[in-house]
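Notes to accompany the following structure.
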Amino acid sequence: MKHISFVTTLLLSVFVSITAYAGSYTEKQKVIDAMYRELSQARTATDSLLPMSNIYDLMPRTLQRDTLMWRILSVARRAKNTQAEANMIRHLANNYIRNDSILSVLRNLADSLPGGPERDETITFVRIMQKTNSLRFNNDTLPSETFNKLLHQDIYYETEGNDNIYNHIVRLYSICLYIGNKSQGQLLEEYIDKLDKLIEQLPPNTYSLRNTFYVMQAYNYAECSLPEKSIEADKKLLKLITSLQENYAKEGRKFRNYDDILYVIYTRMLSNHAALDSAQIELYYDKAIECTGLRPSAAFTNKTTPLPQIYYSLAHHRYKEAIPLIKKALKSKLLSNGRRRLLLRDLITCADSINDKSTLNQAMRDYTALLEERLHEQKKEKLEENAILSQASNIRMEFDRLKIEKSKTEATALRNILIVSATALLILLILVFILARLNSRTKALTLKLKDANKKLTEERAQLMQSRDELAQARDTAMKANNFKSDFIKNMSHEITVPLKVINEYSRLITDFAENEEDKKYLNSFVRMVELNSELLSAIINDVLHLTEIDHSTISIKRQHISLATLCQAAVNGMSHRTNKGVEMTFDKDISPDTTLYTDPQRLQQILNNLLINAAKFTDSGSIHLAYTVDKEAGKVIISVTDTGTGIPAKEKDRIFERFVKLDSEKQGAGLGLPISRLLARLLNGDVSLDTTWKHKGTRMLITLPIR
C-alpha cells in the first residue's frame, strides 16, 4: 500500500505534463521553429501567450522546457491573464513536486492571484503537491500530534461544517496519504469516499483538483479490489479529459495530447474486466491499442508489459494466448508487487485451465513467496490500521464528551435566562392581553362586517357579469352554428348545379368526335371529369350529412327491404369506381336473401362509402361484398373485403375520426368512415375494422339488427 499513492502521483505527473505532438523529431522541430517565428511577430504579452503555450506543448521534458514554463508564467502575469497564470503555476507545482523551496515560491505566487475560483483551486493544488512531497518523496511521516489535529478538524467539519471546503479537501487528502502509508483496507476506502463527496461539490471546471483525485481514486480502488468503483472513477476521468481537450482546442492549443494517460486508463479499466460487459471490453481494448499506435512511449510500455493484451485474453478465456504474455510482463522491473501478485494469480488460473504443469508449478512457487511477503505486510498494516482506528475513535469520543459538556453548560445558562425572561414576559403578556382583548373585539367585529358586505357586493357583481357573458357567448355560438349550417346547405346547392352542367357538357364532347377512335379517346377524359365531379359531389354530400347528423335533423325511415337486392345494387352502382384490373363482386348464392327492417337509403349510403374506400385503396385484386346472418343474436354482419394496402390494427379507432386520412395522397376529405359509423349507430348498429383479418388488404364490418 505504501507504493499506491506514490504511483498515483507519478500517473498524475504524466497526466498534467504530457505533450501532444506525435510526429518525428524533425517534424516536431519544424513546427516549434514555426511557432518561434510567430512568437517573434507578437507585439503584446497577450499575443505571445498562445505561441509560447504551443511551443511548451511540443517540447520534450528538458531544462529548456522548464525555463519556458517560467517565461510563460511571467508573460501571463504581464498580460493580466489570471487563468493562464494560475494554470502555469499548477503545471510548475506538478513539475517541481519534489522541490520544497520552489513549491513555497509557487504557493506565494498562488496567494497573490486575484480572489476567485482560480485562486482557490491553485492554492489548494499547490498545497496538495506540498503534502505529497512531504509524505511521499521525502519519506516524512506525520507526527502523531499533527495527525490527531487533522482528525479533530475532520470530525469538527463533519459536525459543524463551517470550515472552507478547500481546506478540508487538503485535510482529507493528507489523511488519505497518511493512511495509505499504513494500510490498505476499509479505512482508506472510507476516507476516499468522504473526499469524493467534497470533490463533487466543487465547480465543474476545477480540472486540476478533479484530475488529482480521480487518478488516485481509480488506482486505489483497483488495488483494493473494488472494480466497480475503480471503473466509475476512470469514467469520470475520461469525461474530464474530453472537457480539457475541448477547452484547449477552443484556446487554439492544438498540440495538447493525452494518449499516454488514456493508455493507462484503458489498461486499468481492462484490469477490472470481470465488472465489464463484452461491448465495453472490446471498446476499451481497441482504445488502448489505438493509443500505442499514436504514442511511442505507450507503444514501448505495451511492448515490455503487454497488459491490455493480457486482460483481453483473460476476459475471453484465451488462457493459452495469455500465458506467454503474462510471462513477458512478469520480467518487467516496472511492475509493483501487488500487480505482480495479481498476474501470478492469473497465470496460475491459465496454466491450470490448459493443464500446463510446468508453468503452474513455477507460478505457484512465485505466488506463494509473494503471498507470504504480502501476509506479513498485511499483518503489520492491520495493526497500524487498528491503531489509527483506535486513535480516531478516541478522538471522536473525546470530541463528543467535550461537546456534551459544552451543551450541558450552555443548556443550564440558557435555562436560567429563559426562566427569568419567561416570568417577565408572562406578566407583560397578561397586561397586554387584557388591554388588547377589550380593544380588539370591537374592531374585529366591525372589520369582519365591513369585509363581508364588500365581498358580497363584489361577488354579486361578478355573478351578474358572468351570467351576461355566458348568455352572450351562447347566443354567438348558436348564431355561428346556424350560419355554418346555412352556408353548407347553400354551397351544396350552388356547387351541385354547376357539377351537373359540367357532366352534361363533357358528354357533348364525344358527340363531336369525327370517328370511333377519337370518340374512344375523348371518352376517357369525359370519364375522368365525371369521376372527379362525383368525388366533389360526394365530399359536399358528406359535409352536408355530417351537419345534419350533428344537428339531429337527419330523418330515418325504416321499412322492410331485401338485403341481397340492396347489396347487388350497391356493387352495380360502384363497380365503375374501381381501378383497372380490380373486380368488385357480390355473391348472392353464398349470401342467402334476408329481409331487414331498416332505412334503405342510409344503408345504401354506408355501403357506397365502404365500397368507394375499398376501390380507392385497391390497385389490383378484388373487392368482395358479403353478409352473414346471426339469428340467435338477431343481427346481420355485412363485410366489405379488399386486397388493397390495408389498415394497421393500431389505427382501428383513429380512422373513424373526422378528416383523418392515413394516405394524404389519396382523394377524399376523410369523412366517409366517420359518417358511415354515425349512420350505422343511428340504425342501432355499428361500423368497425376487422382486426382479426390476417390476409392482404382490409375487411370492414357493418353490424345491423334484423328487426
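Here, each number is a calculation from the coordinates, and none is a lab measurement. Owing to the predicted nature of the structure, the values given are computational and were not obtained by experimental measurement. Cβ coordinates were reconstructed from backbone atoms using ideal geometry, including for glycine residues, and neighbour counts include every protein chain displayed.
Look at E282, E223, E27 and count the other Cβ atoms within 10 Å of each Cβ; fewest to most, that gives E27, E282, E223. Evaluated with a Cβ-only charge set (Lys, Arg +1; Asp, Glu -1), the stretch 556-705 carries a dipole of roughly 360 debye about its Cα centre, given to the nearest 20. Centroid-to-centroid, using Cα positions, the stretch 573-643 and the stretch 233-291 are 68 Å apart. Amide H contacts of Y627 (H built 1.01 Å from N, in plane; Pro and chain starts excluded): S639 sit under 5 Å, all sequence-distant by 5 or more or on other chains. Taking amide hydrogens as placed 1.01 Å from N in the peptide plane, the amide H of S622 sits under 5 Å from those of E583, T643, each at least 5 positions away in sequence or on another chain. For the stretch 28-76, chymotrypsin sites (Phe, Trp or Tyr not before Pro) are listed when DSSP marks them as loop and at most 10 other Cβ atoms sit within 10 Å of their Cβ; the list is empty. Note on M269, M129: ascending count of other Cβ atoms within 10 Å places them as M129, M269, the fewest first.
Using Cβ counts within 10 Å as a stand-in for footprinting exposure, how do V629, V170, V420, V126 rank, fewest first?
On the way: V629 16, V170 20, V420 10, V126 26.
Final ranking by Cβ density, sparse to dense: V420, V629, V170, V126.
Note the full-extension length gain between Q245 and K588 as 0.36 nm times their separation in residues minus their Cα-Cα distance, in nm to one decimal.
So the extension gain works out to 115.5 nm.
One decimal place: the segment I354-E200 gains 50.8 nm when fully extended, by the rule 0.36 nm per residue minus the C-alpha distance.
Modelled this way, with points 7 Å down the Cα-to-C-beta line, the labels at I434 and K580 are 11.3 nm from one another.
Gain on full extension, evaluated as 0.36 nm per residue between R71 and L39 minus their Cα-Cα distance, stands at 10.2 nm. Taking the centroid of alpha carbons for each part, the stretch 27-106 and the stretch 440-461 are 78 Å apart. A simple rule links phi to the HN-Hα coupling: the Karplus curve 6.51 cos²θ - 1.76 cosθ + 1.60 with θ = phi - 60°, which for the stretch 271-276 gives 5, 9, 4, 5, 9, 10 Hz, with x for Gly and Pro.
In the stretch 569-635, Cα pairs under 8 Å separated by at least six residues give a relative contact order of 51 percent.
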